[in-house]
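J.: One structure is given below, represented as structure tokens, and several questions about it will come after.
The values are calculated or read from the model by the stated rules, or taken from the named source; none is laboratory data. Note that the coordinates shown come from a computational prediction; the quantities given were computed from them, not determined experimentally. Backbone-built Cβ (ideal geometry, glycine too); neighbour counts: all protein chains shown.
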Amino acid sequence: MSKLLIFSAGVSEESNNTKLAKKLNHFLNEHDISNEIYYNLYDNIPFLLDNQDQIPKQILAMRSSLEQSDKIIIFSPVYNGGFLAHLKNTLDWLSLSYSDKRYNALFKDKNVAVITSVRGLGGNAQAAFELLSAQLSNYSLKVFDEFHLITNKEHQNEELIEDNKEIFDDIKKFVFRFLDF
């Protein structure tokens, strides 16, 4: 298997999505499953403007990782029934043609899955997944049919979300189903 790429679209280092993405990265490393993680998609990646010359360094690193990957997992929060602009901005940057690569070449025929941790009950998470899924398909990615949702109801106790064994066991099951996809 080639490298698995993990993106967290969490809005801070303390985001539950980022914490869980980092925990997955650590778990996969412990089990010798090749992976790489990118988070903090909101700093040092300017909004894409038409014909920008300066490619952000983080985008260049992500390109290199994508060239070696065939599967992607995105941890994405849900706000107002959708996904955040900085995730789409990052994906838009990565979709651009470069060198001998055509538009969307980095995404073509790669599989992608979505994990979402929300602070509420997740009532609009399915709609957000459908929006994100449609966008990911536009990039020529093959979207895993299901997504994994973690709601506030599941982590209301005092335990930190990244320390909740039940939540992380469910994430591992989801990830292994996806890896077999």
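J.: Take the residues in segment 21-42 that are loosely packed, with under 10 Cβ neighbours inside 10 Å and of a type in the set (D, E, K, R), then tell me which one is nearest to residue 161 (Cα to Cα). First the steps, then the outcome.
T.: At the first step, the residues of segment 21-42 found to be loosely packed, with under 10 Cβ neighbours inside 10 Å are 30-32.
Of the ones still in play, those that are also of a type in the set (D, E, K, R) are 30, 32.
Working: 30: 20, 32: 24 Å.
Once the filter is applied, the top-ranked residue is 30.
J.: Condition first: among the charged types (D, E, K, R) and closer than 12 Å to residue 42 by Cβ. Now tell me which residues in segment 1-29 satisfy that.
T.: Within segment 1-29, just 13 meets the criteria.
J.: When you go through 94, 106 one by one, which is the residue that is farther than 22 Å from residue 17 by Cα and free of Cβ contacts under 8 Å to residues at least 60 places away in the same chain?
T.: On the way: 94 fails: farther than 22 Å from residue 17 by Cα.
After applying the criteria, what remains is 106.
J.: Within segment 116-123, is even one residue touching a Phe, Trp or Tyr at 6+ places or on another chain (Cβ under 7 Å) and farther than 17 Å from residue 20 by Cβ?
T.: no
J.: If residue 36 passes every condition in (1) at pLDDT 95 or above; (2) closer than 23 Å to residue 82 by Cβ; (3) in contact with a helix residue (DSSP H, G or I) (Cβ under 6 Å, 6 or more places away or on another chain) but one, which one does it miss?
T.: (2)
J.: Would you point out the residue of segment 72-84, among those that are among the aromatic types (Phe, Trp, Tyr) and in contact with a Leu (Cβ under 9 Å, 6 or more places away or on another chain), that is surrounded by the most Cβ atoms within 10 Å (Cβ to Cβ)?
T.: My answer is 75.
J.: Out of (1) more than 15 Å from the chain's Cα centre (by Cα); (2) at pLDDT below 95, what's the single condition that is false for residue 150?
T.: Here residue 150 meets the rest and fails (1).
J.: Across segment 85-141, what is the number of residues that are assigned to a helix (DSSP H, G or I), crowded, with 21+ Cβ neighbours inside 10 Å and of a type in the set (A, V, I, L, M)?
T.: Matching residues across segment 85-141 total 6.
J.: Tell me which residues, restricted to segment 51-77, are of a type in the set (Gly, Ala, Ser) and either assigned to a loop (DSSP other than H, G, I, E, B) or farther than 25 Å from residue 19 by Cβ (or both).
T.: 64, 76 - these are the residues of segment 51-77 that are of a type in the set (Gly, Ala, Ser) and either assigned to a loop (DSSP other than H, G, I, E, B) or farther than 25 Å from residue 19 by Cβ (or both).
J.: (1) surrounded by 14 or more Cβ atoms within 10 Å (Cβ to Cβ); (2) free of Cβ contacts under 8 Å to residues at least 24 places away in the same chain; (3) within 16 Å of the chain's Cα centre (by Cα): which one isn't true of residue 61, the others all being true?
T.: The failed condition is (1).
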